[in-house]
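Shown next, in structure tokens, is the structure this report addresses.
The values are calculated or read from the model by the stated rules, or taken from the named source; none is laboratory data. From a predicted model like this one, the values you see are computed outputs, not experimental measurements. Please note: Cβ atoms are built from the backbone with ideal geometry, for glycine as well, and neighbour counts cover all protein chains shown. To get the accessible areas, we keep the full protein, side chains included, count just its heavy atoms, and leave off ligands, DNA and RNA. Shrake-Rupley method; radii C 1.70, N 1.55, O 1.52, S 1.80 Å.
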Amino acid sequence: MPDHERHPFLHGLSKHRGAPPTVVVIFGASGDLTARKLTPAIYNLALDGLLPADFFLIGYGRKPMPDAEFQQLSVDAIKEFSRRELRDDVWARLAPRTLYVSGGYDEPAAFTRLAQKIAELEKQIGQDLQALFYISTPPSVFAPIIQNLGAAGLAARHLGKPTQSKVIIEKPFGRDLASAKALNQELTSVFEESQVFRIDHYLGKETVQDLLVQRFANAIFEPLWNRNFVDHVQITVAEEVGVEARAGYYEQSGALRDMIQNHTMQLVALTAMEPPVSLDAEAIRDEKVKLLRAIQPLRLDGAASDVARAQYDDGILGGKPVPGYLREKDVTPGSTTETFAALRLSINNWRWHGVPFYIRSGKRMARRVTEIAIRFKRAPGNIFADSDRFQLAANTLAFQIQPDEGMSMILNAKIPGLETRTQPVKMNFKYATTFGSNTPEAYERLVLDAMIGDGTLFIRGDETERSWELMTPILEHWREQKRAGLDSYTAGSWGPKSADALLAANGHSWREP
Ligand code: BG6
């Protein structure tokens, strides 16, 4: 067999970032995530020569279909959703390695068939294959899949070797502390923690990874990164989209579970954690969990409450009228599901004592933007004005996570002219200008890292439990309160008044990202 047929993918990976021969098995193969993200991610890895030499993809789903039909679904998904165009030569190599196994998630015999299929592939290539199980199904079938992987001997394949099985698990990882703990127990009864990769796709975003580089590859920030210089921190994760066709899921979730517990708290952890001793997965995750442990329980009631929640009302977005949440398709009449949540966090450690971290996330907000803004203390006094009443602008360092990825710094500058007058100016760095705009999607990095066995950009069991420990009292309080305290905001705005009040209590206000 000529070498390019034997190793059809591998040509672009540094040696120590290579994955062993791998079969990725996707549970939930006909789902939305598979089409929109996973198949295109695998295709783009193939295009860049980043897949292991021997690579197979097996779609697993309830619907019976021949391999050819799954191949067609896959190529259609690539055409529609890949960031780069389909290249026939790449697909010609991937297509025959794209296979399908049909079966129920609670059908042990089907998992035995899957195990046989993988064994056949190993025979075909004459080598061990790493099996990477990607659980991308509704959470109701997480447990049977995990149990069946265990029972069919699929979890324990090649244990202790580089080709040992791995499992990627999609969100939602539980819906409160008890269910997250139960899921962790389920997983670790079958897999070892080192085999488990809990996805938070925000960690796969280039700009989120760059946060670590900015913090720990530049000497100028660390001396300022503490309560002596930072006044407060604001994190905004705003979306323009509403609930779309996902009310079935979202009604059971809401903004706190959907966006804050996972994505936003990860941004908090990466922004505020201590410098890790290395880039090693455990070193970073140890620091994140330490930080999450330092966050104080939130006050839930009364004037000093640290939390705000709201639902969007009718409004205008992009010049078009959009319906309020209660008028969206499949939303329960009188629903109290929050589409916006904001929290004021206090971190009780030496670095951050007394520095509020304000975080907010919502749907149907004015603009899609994710931003982390570090607001520094003002320069003392103002020698540039006749009176102290005129304050200089506070320096702000903002990481624009998406879209329009970049960093900016607000500084005070002299307005050119014969007098010395000041004006805040913005120093800007844009990724697209420096590096071009066709960066890999989060799922490309995450699937590759899991294949390599690098857990740095995945959530460890104790991290997710600590985050749920912080969120669960809030969820319980809101459930008891029903509509009481549920604020509203106009679709297309920056959120409810109650979220402004969280900051106003400390003399702060949200910056417009
Ligand atoms: C998902 C949420 O985890 O993240 C969605 O379930 C949300 O509700 C999405 O829209 C946002 O991701 P991104 O990458 O578009 O910011």
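Residue-by-condition table, conditions (1) of a type in the set (S, T, N, Q); (2) surrounded by 22 or more Cβ atoms within 10 Å (Cβ to Cβ); (3) part of a helix (DSSP H, G or I):
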| residue | (1), (2), (3) |
| --- | --- |
| Ala450 | no, yes, yes |
| His477 | no, no, yes |
| Glu480 | no, no, yes |
| Ser498 | yes, no, yes |
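The test for being crowded, with 21+ Cβ neighbours inside 10 Å, more than 16 Å from the ligand (Cβ to nearest atom) and in contact (Cβ under 8 Å) with a residue 12 or more places away in the chain does not hold for Leu326. Within segment 105-127, the set of residues being surrounded by fewer than 16 Cβ atoms within 10 Å (Cβ to Cβ) and part of a loop (DSSP other than H, G, I, E, B) comprises Asp106, Glu107, Gly126, Gln127. Taken across segment 301-317, residues that are among the acidic types (Asp, Glu), assigned by TED's automatic domain parsing to the domain that holds Glu476 and within 16 Å of the ligand (Cβ to nearest atom) do not occur at all.
Of all residues in segment 222-237, count the ones that are without any contact (Cβ under 8 Å) to a residue 60 or more places away in the chain and surrounded by 13 or more Cβ atoms within 10 Å (Cβ to Cβ). Here the count works out to 0.
Being within 16 Å of the ligand (Cβ to nearest atom), open to solvent by 10 Å² or more (accessible area, probe 1.4 Å), modelled with pLDDT of 95 or more and not in a helix (DSSP H, G or I) holds for only one residue in Glu240, Glu274, Glu244, and it is Glu240. Screening Glu463 against (1) open to solvent by less than 50 Å² (accessible area, probe 1.4 Å); (2) of a type outside the set (Phe, Trp, Tyr); (3) outside any helix (DSSP H, G or I) leaves a single unmet condition, (3).
For segment 94-101, does any single residue satisfy the condition of being of a type in the set (Gly, Ala, Ser), modelled with pLDDT of 95 or more, assigned to a strand (DSSP E or B) and away from the ligand (no atom under 16 Å from the Cβ)? Looking for residues that are of a type in the set (Gly, Ala, Ser), modelled with pLDDT of 95 or more, assigned to a strand (DSSP E or B) and away from the ligand (no atom under 16 Å from the Cβ), one finds none in segment 94-101, hence no. As for segment 443-451, it holds at least one residue that is in contact with a helix residue (DSSP H, G or I) (Cβ under 7 Å, 6 or more places away or on another chain) and over 29 Å from Arg293 (Cα atoms). Just a yes or no: is a residue in segment 198-219 of a type in the set (S, T, N, Q), assigned to a loop (DSSP other than H, G, I, E, B) and at pLDDT 95 or above? Yes. Quick check, is Ala156 part of a helix (DSSP H, G or I) and modelled with pLDDT of 95 or more? Taking the combined requirement at face value, the residue does not satisfy it. Checking each residue in segment 247-267 for being of a type in the set (A, V, I, L, M, F, W, C) and more than 7 Å from the ligand (Cβ to nearest atom) picks out Ala247, Ala255, Leu256, Ile260, Met265, Leu267. For segment 436-445, give me each residue that is open to solvent by 70 Å² or more (accessible area, probe 1.4 Å) and modelled with pLDDT under 90. Matches in segment 436-445: Ser437, Asn438. Selection of segment 180-208 for residues being in contact with an Asp or Glu (Cβ under 6 Å, 6 or more places away or on another chain) and under 19 Å from Ala281 (Cα atoms) yields Ile199, Thr207. I'd like to know if segment 204-215 contains one or more residues that are open to solvent by less than 50 Å² (accessible area, probe 1.4 Å), over 30 Å from Gly495 (Cβ atoms) and within 16 Å of the ligand (Cβ to nearest atom). Looking through segment 204-215, none of the residues is open to solvent by less than 50 Å² (accessible area, probe 1.4 Å), over 30 Å from Gly495 (Cβ atoms) and within 16 Å of the ligand (Cβ to nearest atom). Name the single residue that is nearest to Phe399 (Cα to Cα) among those in segment 413-424 being open to solvent by 60 Å² or more (accessible area, probe 1.4 Å) and of a type outside the set (Lys, Arg). Among residues in segment 413-424 that are open to solvent by 60 Å² or more (accessible area, probe 1.4 Å) and of a type outside the set (Lys, Arg), the one nearest to Phe399 (Cα to Cα) is Pro424. The strands (runs of 3 or more DSSP E) located wholly in segment 339-403 that include 2 or more residues which are of a type outside the set (Ser, Thr, Tyr), within 15 Å of the ligand (Cβ to nearest atom) and open to solvent by 10 Å² or more (accessible area, probe 1.4 Å) occupy 396-402. Give Val268, Val289, Val233 a once-over and let me know the one that is more than 19 Å from Trp468 (Cα to Cα), at pLDDT 95 or above and of a type outside the set (Asp, Glu). After applying the criteria, what remains is Val233. Residues that are modelled with pLDDT of 95 or more, among the polar types (S, T, N, Q) and open to solvent by less than 20 Å² (accessible area, probe 1.4 Å): find the helices (runs of 4 or more DSSP H) completely inside segment 1-90 holding 2 or more of those. In segment 1-90, 39-47 are the helices (runs of 4 or more DSSP H) which contain 2 or more residues that are modelled with pLDDT of 95 or more, among the polar types (S, T, N, Q) and open to solvent by less than 20 Å² (accessible area, probe 1.4 Å). Scanning segment 181-198 turns up no residue that is within 16 Å of the ligand (Cβ to nearest atom), in contact with a Pro (Cβ under 9 Å, 6 or more places away or on another chain), farther than 28 Å from His353 by Cβ and not aromatic (Phe, Trp, Tyr).
Of the residues making up segment 171-196, just one is surrounded by fewer than 22 Cβ atoms within 10 Å (Cβ to Cβ), in a loop (DSSP other than H, G, I, E, B) and in contact with a strand residue (DSSP E or B) (Cβ under 9 Å, 6 or more places away or on another chain), namely Lys171.
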